[in-house]
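A short write-up of the structure that comes next.
What follows is calculated from the coordinates using simple rules that are stated; it is not laboratory data. This one's a predicted model, so the numbers in the text were calculated from it and none came from an experiment. All Cβ positions, even for glycine, are placed from backbone atoms using ideal geometry, and neighbour counts span all protein chains on display.
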Amino acid sequence: MSVHGSDAQGPADEVRVERVGEVAVLTLDRPDRLNAFTGRMGAALGRAYAACDGDDGVRAVVVTGAGRAFCAGADLGGAGDTFAAPGEGFTASPVRPAAWEVRKPVIAAVNGHAVGIGLTIAMQCDIRVVAEDATLGFLHVRRGVLPDMHAHWTVPRAIGFARATELLLTGRTFSGREAVDLGIASRALRAPDVLPAALAMANDIAVHTAPLSVALSKRLLWSDADRDAVGRMETEFHRYVMGAGDAREGASAFVERRPPHWRQRVPGDWPQGLD
C-alpha cells in the first residue's frame, strides 16, 4: 500500500488512506456499521501503518472514523458466534505494526463513539483528541471477553493503575469530556472540530519539529526500559543527532526567525542497528 496518492486504498480495505501534505489520514471506513471492527479492517490498518512508517514523506499520521463514529467495537453481526472459539493464529492484537511502533506521531481523531476495540485502537496512538459528547468505554468484560490490543499495558501507562482498573474491570462508559479528566485524551472538542484540530496538530509537527528527533523521542516514550536505561539511551540518541544537519538547522532557524528546513528523514536517517 502506498501513501503517496490522494486516495490509495484498495476497494475492500475498510480503511481509506489519504495524504494531506506531509500528513497521512487513515479513515476507518464502514460508516453504515459505525466503523465496527473486522479482521479485514485490522489488516488494512496495519498495512497503512507500515506504509506510513516506511515513507520519508509522511511526518505525522491521523486516524479517524467515517461518519458519526470512530469505531463501535467489534462487529457483532455474528451475534452469539461473534466471539466463537478462535482458530490457530489468533491474536488479541490484530493490528500490526501497532501505532506505537510507527516512527511518526500517530494522532487519534476520535470523532464519535469509540468502544471496545475501537477505544483500544485509539489507546495505541500517541495523542487522542475526542468528541466531547462521544460515548467511550472498554466494554469487553460486558460482552464476555476482555480488553485487547495491549490495553492492560497502554491504559495504565496513560492514566495510572487505579483509574485503569476501574475502567477495564467495570466496562463502564464515559464521555469525551470525562476522558480528558481521566487522562485518556488530551482534548475534548465539538465533534465537527475534532478532525481539524488533529490535522492542525499534525501539520504543526510536520513544519516545526525535526523528524528524527520526534521519532527518537517517541521510541523513548514507549520504551519499557527503566530509568537508568532511558538515561543511557537519551545520551546515545543525543550523540547521534547533535552536530548533524537538523540540530544546526533548528538553532539557526530560531535565531534567524524563519521556518526550519529539515533535511534528516525517517526511516532514511534512522540509526543503524536501532530496530
Exercise. Assign one of three labels to the range 18-65, namely rounded, prolate or oblate, based on the Cα gyration tensor with a ≥ b ≥ c the square roots of its eigenvalues; rounded applies when a/c is under 1.5, prolate when it is not and a/b is larger than b/c, and oblate otherwise.
Key: oblate
Practice problem: Using a Gaussian network model of the chain whose springs link C-alpha atoms within less than 10 Å, name the residue from ARG68, ARG40, ARG239 with the highest mean-square fluctuation. | Solution: ARG239
Self-check item: Structure-based [θ]222 nm, the chain - -39500 (n - 2.57) summed over DSSP H runs of at least 4, per residue, nearest 500
Solution: -11500 deg cm²/dmol
Quiz item: Rounded to the nearest 0.05, what FRET efficiency do ARG143 and VAL207 have when you use their Cβ-Cβ distance and R0 = 35 Å?
Solution: 0.25
Quiz prompt | Check: the chain dipole with +1 on Lys, Arg Cβ and -1 on Asp, Glu Cβ, in debye | solution = 320 debye
Self-check item: Beta bridge orientation in the chain: antiparallel %, DSSP, nearest 5
Solution: 30 percent
Exercise. Return the percentage of antiparallel bridges among DSSP beta bridges fully within the range 82-186, rounded to the nearest 5 %.
Key: 35 percent
Practice problem: Just rank LEU139, LEU274, fewest to most, by other beta-carbon atoms within 10 angstrom. | Solution: LEU274, LEU139
Practice problem: Quick one: angle between helix 161-170 and the longest Cα principal axis of the chain, in degrees between 0 and 90, rounded to 10, please. | Solution: 30 degrees
Quiz prompt | Whole-Å distance, taken between Cα centres, linking the range 141-197 and the range 222-251 | solution = 31 Å
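For the range 101-181, which GluC sites (Glu not before Pro) are in a loop by DSSP, counting at most 15 other Cβ atoms within 10 Å?
none
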Self-check item: Gaussian network model of the chain, Cα within-10 Å springs - most flexible of GLY171, GLY183, GLY243
Solution: GLY243
Practice problem: Can you find, among THR235, ALA251, TRP222, the residue farthest towards the positive end of the dipole of the range 209-275? Put +1 on the C-beta of Lys and Arg, -1 on that of Asp and Glu. | Solution: ALA251
Quiz item: Given R₀ = 35 Å, FRET efficiency for THR170-ARG190 by Cβ-Cβ distance, to 0.05?
Solution: 0.80
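Could you compute the net charge surrounding ALA131? Neighbours are other residues with a C-beta less than 13 Å from the C-beta of ALA131; K and R count +1, D and E count -1.
Here the charged neighbours net out to +1.
By how many nm would the segment from ARG257 to HIS238 lengthen if fully extended, with 0.36 nm per residue of separation less the alpha-carbon distance? Could the numbers behind the result be given before it?
Working: separation 19, 0.36 × 19 = 6.84 nm, distance 2.43 nm.
This chain segment gains 4.4 nm when fully extended.
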Practice problem: Extending each Cα 7 Å along its Cβ direction at ALA197 and SER217, get the distance between those two points in nm, one decimal. | Solution: 2.0 nm
